[in-house]
Amino acid sequence: MRILLDFDWTLFNTEQYKKEMGLENISCVEHSNRCLKILKEHGKAGMFLFPDTVDFLKNHSQHRLILVTFGDKKYQKAKVQQSGILNLFSESIFTGTEMKGDIIKRIFKHAEEKIIFLDDDFAQLQNMKKQCPHIVGIRMRRKEMKYGSDIKQTEFPEVSNLNEFAQLLASF
Ligand SMILES: [Mg+2]
């Protein structure tokens with residue numbers, strides 16, 4: 001099985017991170033240099049991983065774990081690297097400002113394995129479904145997060161942490 005995993009708000013507590021870095025109202029897609037500078041100065045992004053992230057990745061290493069993250073490539077790469085989990089993925093895809101489904105469609109055109117996609121972003125899940133209807137989308141909606149634009153939906157199953165996600169995976 002291939003498992004596509006989003007980073008921000010799914011594996012990483014971006015809300016708390018941005019708050020503590022004074023980046024609450026700053027878009028790091030638009031102001032990536034400023035965000036990169038702060039990231040490098042602070043140097044402890046690993047503190048902001050959700051408590052279930054590392055265990056989940058280690059316990060599912062028998063699958064192909066693929067990180068798929070949206071946003072400025074340089075900044076995202078530095079952030080994931082600094083968080084210390086980059087080496088727990090078999091592959092990592094930095095999409096820049098392209099929607100995830102658009103890119104995954106080109107990469108996994110003829111994938112025969114089952115592919116699962118976990119993301120908190122409803123728009124990304126919808127784009128993935130449109131471009132890659134064979135990929136099973138699951139939405140992460142962590143209870144402790146406020147989320148800027150939380151959308152109520154029933155199109156994708158929802159989980160509120162990685163243990164719930166693991167239980168759901170076991171049923172596939
Ligand atoms: Mg996200």
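Take the conditions touching a His at 6+ places or on another chain (Cβ under 8 Å) and either within 14 Å of the ligand (Cβ to nearest atom) or touching a residue at least 24 places away in the same chain (Cβ under 8 Å) (or both) and apply them to LEU169. Does it pass?
Spelling it out, LEU169 is indeed touching a His at 6+ places or on another chain (Cβ under 8 Å) and either within 14 Å of the ligand (Cβ to nearest atom) or touching a residue at least 24 places away in the same chain (Cβ under 8 Å) (or both).
Go through the stretch 42-56 and count every residue that is of a type in the set (A, V, I, L, M) and either more than 16 Å from the ligand (Cβ to nearest atom) or at pLDDT below 95 (or both).
2
Looking only at the stretch 38-58, filter to residues that are of a type outside the set (A, V, I, L, M, F, W, C), out of contact with any Gly (no Cβ under 9 Å at 6 or more places or on another chain) and under 20 Å from LEU23 (Cβ atoms); which one of those is surrounded by the most Cβ atoms within 10 Å (Cβ to Cβ)?
HIS42
If a residue must be within 16 Å of the ligand (Cβ to nearest atom) and either aliphatic (A, V, I, L, M) or free of Cβ contacts under 8 Å to residues at least 60 places away in the same chain (or both), how many such residues does the stretch 102-128 contain?
So the count comes out to 10.
Restricting attention to the stretch 25-41, does a residue exist that is within 14 Å of the ligand (Cβ to nearest atom) and β-branched (Val, Ile, Thr)?
Yes; the residues of the stretch 25-41 include at least one that is within 14 Å of the ligand (Cβ to nearest atom) and β-branched (Val, Ile, Thr).
Among the residues of the stretch 1-22, how many are in a strand (DSSP E or B) and either in contact with a Gly (Cβ under 6 Å, 6 or more places away or on another chain) or within 8 Å of the ligand (Cβ to nearest atom) (or both)?
Result for the stretch 1-22: 1.
Go through the stretch 31-65 and give me each residue that's under 21 Å from ILE104 (Cα atoms) and assigned to a helix (DSSP H, G or I).
Scanning the stretch 31-65 gives a single hit, LEU57.
The values are calculated or read from the model by the stated rules, or taken from the named source; none is laboratory data. Quantities reported herein were computed from a predicted structural model and do not represent experimental measurements. Don't worry about glycine lacking a Cβ; one is built from the backbone with ideal geometry, like all the others, and counts go over all protein chains shown.
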